[in-house]
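This report refers to the structure that appears directly beneath it.
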Amino acid sequence: MTGDAGRLFEEYHDSLVRMLWRRTGDRDRAEELAQETLVRAVAAEPRNPRSWLFAVALNLVREDARKALRQGRRLQLLKNELEPLAPPPDEVMERNEQAARVRAALEQLNDRDREALLLKAEGFNYDEIAETLGLAKGAIGTTLARARRRLVEAYHDMEGPAKHAAR
C-alpha cells in the first residue's frame with residue numbers, strides 16, 4: 001500500500017496541485033486538497049487513478065467552496081512567491097492583474113465548462129475528460145469549444161472597461 005501511495009504521489013501530485021491552484025487561486029489550499037485527494041485514493045484503490053483523482057479533486061473543490069459560502073469566507077487571491085530573480089514590479093503587477101482577470105473570467109463559466117478547460121490544460125484527452133466529468137465522449141469537443149468561446153468573451157468583457165479607464 002505504501003508503494004502505491006508513493007507512486008500516486010510521484011505521478012499525479014504536481015498535476016493535481018496545478019489544476020487545483022488554477023481552480024482555487026490559492027497555492028496552499030491547492031496543496032491541501034491534493035493531499036486529501038491522494039489520501040482518499042490510497043484508501044479507495046481506484047482502477048483508473050488519473051480520472052478518479054481529478055474527479056475527486058474537483059468534488060473537493062466544490063465542497064470547499066460550499067463550506068466557504070456557508071461560513072461567509074472569501075477565497076484569497078493568488079499569493080505571489082518571491083522568485084530568485086524577481087521581474088520588475090510593473091511586470092509582476094501586470095501578470096497578477098492578467099491572472100486575476102483570467103480567474104474571474106473562469107469563475108463566470110459554469111462548473112462543467114470551467115472544469116473541462118482545466119482538465120484539458122492538464123493534458124487530459126477527451127476520454128479522460130468525459131470519464132472525470134461524467135459526460136459522453138462525443139460531448140467533450142462541443143463542451144470545450146463552447147467553454148473556450150465563453151472564456152474569451154468573459155475575459156474581453158473584463159478587459160474592456162480596464163482599458164477604457166486607463167485612457
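The values are calculated or read from the model by the stated rules, or taken from the named source; none is laboratory data. Every value quoted in this text rests on a predicted model; they were computed, and no experiment measured them. All Cβ positions, even for glycine, are placed from backbone atoms using ideal geometry, and neighbour counts span all protein chains on display.
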ask   = In the stretch 120-145, what residues are exposed (fewer than 15 other Cβ atoms within 10 Å of the Cβ) and assigned to a helix (DSSP H, G or I)?
value = ALA121, ASP127, LYS137, GLY138, GLY141, THR142, ALA145
key: Residue under evaluation GLU36, criteria (1) under 27 Å from ARG103 (Cα atoms); (2) crowded, with 20+ Cβ neighbours inside 10 Å, criterion not met   = (2)
task = With respect to ARG7, determine if the residue is in contact (Cβ under 8 Å) with a residue 40 or more places away in the chain, in the same structural domain as LEU60 (by TED's automatic domain parsing) and among the basic types (Lys, Arg).
result = no
inquiry  = Can you report the number of residues in the stretch 40-60 which are at pLDDT below 90 and among the β-branched types (Val, Ile, Thr)?
reply    = 1
